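Notes follow once the structure below has been shown.
The values are calculated or read from the model by the stated rules, or taken from the named source; none is laboratory data. Since the structure is predicted, the reported quantities are computational estimates derived from the model, not experimental observations. As a convention, Cβ positions derive from the backbone with ideal geometry for all residues, glycine included, and neighbour counts pool all protein chains shown. The area values use the complete protein model at the heavy-atom level, side chains included, leaving out ligands, DNA and RNA. Shrake-Rupley method; radii C 1.70, N 1.55, O 1.52, S 1.80 Å.
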Amino acid sequence: LEATGVSLGLLINLAGFAVLWISAPWLADWLEVENGTLLFRIALLDIPFYGLYRVVVHILNGRRDFRTTGQMTCAYALVRALGIVILVVTGSLSIEGALLVNVVASMVGLLLLLPRTGARSFQPTLIERTHIMSLALPILVTDIGIQCLLGLDLWLLSAFSTPLDAEVRGNYVAALSLARVPNILTFVLASVLVPSIAKSLSTNDRNGAVRMV
């Protein structure tokens, strides 16, 4: 299951990377982003690394190795924060630099997780693809809906109000991020509960699963 998950995740991320890389000029024109092709393509470099990083995090969560995933999430966040601090101190803060910091953080996070995951999880195979895809597709649809809802307010503000200048938009996004802190706490609980409940059900400990729910 783990090896198939890694193989599927890598293939899907590389396919998405290729499609978006080719369509970057069109996206830049459609969204009217200045220097957008370059910005999109720098951002896209993060897809294979972050995608694989998230797969490996979920593998370790499935093993209930929450300490490692917690530590690596902190390390990933610290690399991002440190990268931005370096950009600010050196006077080279830019959108391009911030996007590159994201890529570096994902690479570091993935490299730190690899020793704890083990080589067996990275053997190329798609043997469990049908089982995984049947579970993944409903989650995919749900996540797309959630992501659309999270961006709906900004889209509506842009569509139905006078154009927002960069400072107003920045302040709004910052306030929104702070307001979503409770969501982060809920996400952490879900990351622990889902594999724990699955473990209880796999050992026929239905009472334990019910108690956790």
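Numbers at a glance
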read-out: Ratio Rg/Rh, restricted to the stretch 114-153 and using Cα atoms, in which Rh is the Kirkwood radius; value: 1.21
read-out: Whole-number percent relative contact order across the stretch 24-94, with pairs defined as alpha carbons under 8 Å at least 6 apart; value: 14
read-out: Additional length obtainable on full extension of the chain from Leu150 to Ala119, 0.36 nm per residue less Cα span; value: 7.5 nm
read-out: On Cα atoms only, tilt of 129-160 relative to the major axis of the chain in degrees; value: 30
read-out: Three-way shape label, the chain, alpha-carbon gyration tensor, a/c 1.5; value: prolate
read-out: The stretch 110-213 - charge dipole about Cα centre, Lys and Arg +1 at Cβ, Asp and Glu -1, debye rounded to 20; value: 520
read-out: Estimated FRET transfer efficiency (Arg169, Ala18; beta-carbon r; R0 35 Å; 0.05); value: 0.70
read-out: Helix 95-117 axis, angle to the chain major axis (alpha carbon atoms, nearest 10°); value: 10
read-out: Using alpha-carbon coordinates, inclination of helix 2-31 to the longest axis of the chain, degrees; value: 10
read-out: Sulfur and carbon atoms: percent of accessible area, the chain [1.4 Å]; value: 71
read-out: Cut-off 13 Å between beta-carbons: net charge of the residues surrounding Phe122, Lys and Arg +1, Asp and Glu -1; value: +1
read-out: Sorted peptide list for 59-70, 139-150, 199-210, criterion being average Cβ within 10 angstrom, highest first; value: 59-70, 199-210, 139-150
read-out: Residues of the chain: accessible area per residue with a 1.4 Å probe, Å²; value: 67
read-out: Diffusion constant of the stretch 53-170 at 20 °C, which comes from Stokes-Einstein with the Kirkwood Cα-pair radius and 1.002 mPa s, µm²/s; value: 121
